[in-house]
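Have a look at the structure below before the remarks.
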Amino acid sequence: MTIQWFPGHMTSARKKAAETMAYIDVVVEVLDARLPEASSNPMIRQLREHRQRPCLKLLNKADLADPAATAAWLDWYGRQPGVKAVAISCKKPGDAAKVPALCRQLAPHRNDNVKPLRMLIMGIPNVGKSTLMNALLKRRIAAVGDEPAVTKSQQSFDLGPGMTITDTPGLMWPKIEHDSDGYMLAASHAIGRNAVIDEEVATFLAGILLARYPELIAARYKLDVANMDAVGVVEAVAKKRGCIVKGRGGELDLEKAAMILLTDYRSGALGRISLETPDTRAAMLAQPKTVVQEAE
Ligand SMILES: Nc1nc2c(ncn2[C@@H]2O[C@H](COP(=O)(O)OP(=O)(O)OP(=O)(O)O)[C@@H](O)[C@H]2O)c(=O)[nH]1
Ligand SMILES: [Mg+2]
């Protein structure tokens, strides 16, 4: 399955972001710490490289991510030229307040009221851009919510003396190259429900959990996961939680079980989970691409 999700408003959001890029100093790219590279939008990189704008990468929602994986990612980003990356949780008081000083280091010449430091918050949907802006402004200016495309238009604010901040709508790119990226984005609710089949996404998630966090599924659902495969996990959750389709002789409601698994991952109820690490990503990229043979 290939997951695509590019609602109409994103074309105008991209155009507006390209215009704004001309008169800002630093791009604050918000990523999901649980899937930092899968949540990096190549279009954002192109836009900022076109204008040669420095970038601070924020691995946000670090409170939900596996701390060991986050440490590995910070080490990995630390070895990339021209990138500054930090892990934060916008929900933790004080974390967001570190951001302006980090941006200042990237644009030291923008340092007074005549030349204020202009920061542009960018990223894919649902990574916490508006939560970051609200935390910086210490006011609930922008609407936030655990679903993609909450913010529909750009908003700029003065942030104390000599600084401005702009929030933008989440931007997706038209073609997600790797299916596993699509699944990770769907599991984390960066792309909308209409684009995905929850059962397939939950099965993908169950596969990662079995491989890397089996003890978390065992603890949450009181399951013996030895010898279980990913589909088996979704079925077992359905049985444990009594998910039955009404009037169909006891048939399991796998869609309902899928939503339980996804909701528990999204809220952190399952524990601290990262969907990718530098090693799993390198292994994924090293795999040969499946070429679909066209019938002659
Ligand atoms: N646990 C946790 N949740 C967070 C964090 N930052 C944001 N969230 C939650 O993530 C969800 C999305 O946050 P938003 O700020 O609306 O995300 P956004 O990037 O502005 O999303 P769009 O406007 O749709 O592009 C909300 O439910 C937030 O409460 C964080 O650091 N930790
Ligand atoms: Mg928003």
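Where is the GNM fluctuation largest for the chain (alpha-carbon springs, 10 angstrom cutoff): L254, L102, L285? Comparing L254, L102, L285 in the GNM, the peak value goes to L285.
Sorted fewest first by neighbouring Cβ atoms within 10 angstrom, H189, H178, H9, H109 come out as H109, H9, H178, H189. Mind checking which lysines have their C-alpha under 28 Å from K138, skipping anything on the same chain fewer than 8 residues away? Once the sequence-local lysines are set aside, what remains near K138 is K16, K57, K61, K84, K91, K92, K98, K115, K129, K152. A cut-off under 12 angstrom between Cβ atoms defines the neighbours of V237, and their net charge, with Lys, Arg +1 and Asp, Glu -1, is +1. State whether the chain is rounded, prolate or oblate according to the following rule on the C-alpha gyration tensor (a ≥ b ≥ c being the square roots of its eigenvalues): a/c under 1.5 gives rounded; otherwise a/b larger than b/c gives prolate, and the remaining case gives oblate. In terms of gyration-tensor shape, prolate. Neighbour counts of other Cβ atoms within 10 Å put I191, I273 in the fewest-to-most order I273, I191. Expressed to the nearest 5 percent, the antiparallel share of DSSP beta bridges inside the chain is 20 percent.
Computed on the stretch 63-119, with alpha-carbon pairs under 8 angstrom and 6+ residues apart, the relative contact order is 17 percent. In this rough spin-label picture, where each label sits 7 Å from Cα along the Cβ direction, the N111-E251 distance is 6.9 nm. For the pair the stretch 136-176 / the stretch 10-36, the C-alpha centres are spaced 10 Å from each other.
Residues of the stretch 231-246 with an amide N closer than 20 Å to a point placed 7 Å from the Cα of E200 along the Cα-to-Cβ direction: 231-235. Compared with the alpha-carbon gap, the fully stretched path from A219 to D158 is longer by 17.3 nm at 0.36 nm per residue.
Since every read-out is calculated from the coordinates, none of them should be taken as a lab result. This structure is a prediction, so every number in the text was calculated from the model and none was measured. Don't worry about glycine lacking a Cβ; one is built from the backbone with ideal geometry, like all the others, and counts go over all protein chains shown.
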